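Peer 1: My questions all concern the structure below.
The values are calculated or read from the model by the stated rules, or taken from the named source; none is laboratory data. Since this is a predicted model, take the numbers as computed values, not measurements. Every residue, glycine as well, gets a Cβ built from its backbone with ideal geometry; the counts of neighbours run over all protein chains shown.
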Amino acid sequence: MNISREELIAELNKDLEWEYAAAVQYVQHAAALTGAQYDAIKKELVIHSQEEMQHAVMLAEQIDFLGGVPTVEVERREIAKDPRQMLTQDLGGEDNAIARYKARIAQAEALQEYGLRRVIEDILIQEEEHKRDLQDALG
């Protein structure tokens with residue numbers, strides 16, 4: 001795998017944009033979800049939002065450590081009126097995050113950035129947990 005430090009920082013900043021977006025989207029979805037069958041997942045979405053912001057902090061610290069400037073840009077957010085569609089949108093976001101972080105782990109490894117790899121692995125574990133929560137809620 002051939003990636004420069006600058007390219008890695010750019011990819012991490014894109015990941016950071018997606019984390020900001022996920023946090024915002026989870027807050028909106030948790031507030032807008034209606035129906036007694038969604039009570040449990042509403043609480044979980046608030047927790048997911050907080051975890052996504054923690055991921056953002058972790059990424060920003062790594063970007064700074066690598067010599068980059070953490071972005072303040074936010075990626076695309078999705079909203080819907082239908083609760084199942086909201087959860088499906090959230091699930092798509094988690095699938096995107098999981099794919100991005102798997103690639104990032106390989107890139108960190110290629111640049112021998114083992115501390116970064118470990119931070120990304122920790123984030124990936126939580127993203128996979130979020131995916132399972134959403135899959136359970138969707139049945």
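Peer 1: Tell me yes or no: at least one residue of the stretch 106-123 is of a type in the set (S, T, N, Q), in contact (Cβ under 8 Å) with a residue 12 or more places away in the chain and either closer than 17 Å to Ala10 by Cα or not in a helix (DSSP H, G or I) (or both).
Peer 2: Kept after step one, since they are of a type in the set (S, T, N, Q), are these residues of the stretch 106-123: 107, 112.
Narrowing further to those that are in contact (Cβ under 8 Å) with a residue 12 or more places away in the chain: 107.
Next, only the ones that are either closer than 17 Å to Ala10 by Cα or not in a helix (DSSP H, G or I) (or both) stay: 107.
Within the stretch 106-123, one or more residues are of a type in the set (S, T, N, Q), in contact (Cβ under 8 Å) with a residue 12 or more places away in the chain and either closer than 17 Å to Ala10 by Cα or not in a helix (DSSP H, G or I) (or both).
Peer 1: Are any residues in the stretch 29-42 surrounded by fewer than 17 Cβ atoms within 10 Å (Cβ to Cβ) and modelled with pLDDT of 95 or more, and if so, which ones? Can you show your working first?
Peer 2: Keep residues of the stretch 29-42 that are surrounded by fewer than 17 Cβ atoms within 10 Å (Cβ to Cβ), which gives 31-32, 34-37, 39-40.
If the condition is that a residue be surrounded by fewer than 17 Cβ atoms within 10 Å (Cβ to Cβ) and modelled with pLDDT of 95 or more, then Ala31, Ala32 are the ones that fit.
Peer 1: Out of contact with any Gly (no Cβ under 9 Å at 6 or more places or on another chain), surrounded by fewer than 19 Cβ atoms within 10 Å (Cβ to Cβ) and closer than 22 Å to Ala32 by Cα, is that true of Gln89? Working first, answer last.
Peer 2: Numbers: out of contact with any Gly (no Cβ under 9 Å at 6 or more places or on another chain): yes; surrounded by fewer than 19 Cβ atoms within 10 Å (Cβ to Cβ): yes; closer than 22 Å to Ala32 by Cα: yes.
The answer is yes for Gln89.
Peer 1: Here's something else I'd like to know. Restricting attention to the stretch 55-86, which residues are buried (at least 17 other Cβ atoms within 10 Å of the Cβ) and small (Gly, Ala, Ser)?
Peer 2: Ala56, Ala60, Gly68
Peer 1: Is it the case that Asp95 is without any contact (Cβ under 8 Å) to a residue 12 or more places away in the chain and charged (D, E, K, R)?
Peer 2: On the way: without any contact (Cβ under 8 Å) to a residue 12 or more places away in the chain: no; charged (D, E, K, R): yes.
The answer is no for Asp95.
Peer 1: With respect to Glu52, determine if the residue is over 27 Å from Asn2 (Cα atoms), within 13 Å of the chain's Cα centre (by Cα) and either among the charged types (D, E, K, R) or at pLDDT below 95 (or both).
Peer 2: Values: over 27 Å from Asn2 (Cα atoms): yes; within 13 Å of the chain's Cα centre (by Cα): yes; either among the charged types (D, E, K, R) or at pLDDT below 95 (or both): yes.
For Glu52, the condition - over 27 Å from Asn2 (Cα atoms), within 13 Å of the chain's Cα centre (by Cα) and either among the charged types (D, E, K, R) or at pLDDT below 95 (or both) - is met.
Peer 1: A further question follows. What are the residues in the stretch 1-12 that are in a helix (DSSP H, G or I) and more than 13 Å from Ala97 (Cα to Cα), if any?
Peer 2: Step one: of the stretch 1-12, the residues in a helix (DSSP H, G or I) are 5-12.
Those that are in a helix (DSSP H, G or I) and more than 13 Å from Ala97 (Cα to Cα): Arg5, Glu6, Glu7, Leu8, Ile9, Ala10.
Peer 1: Looking at (1) out of contact with any Ser or Thr (no Cβ under 7 Å at 6 or more places or on another chain); (2) part of a helix (DSSP H, G or I); (3) within 23 Å of Glu113 (Cβ to Cβ); (4) of a type in the set (A, V, I, L, M, F, W, C), can you tell me which one Leu16 breaks?
Peer 2: Result: Leu16 fails condition (1) only.
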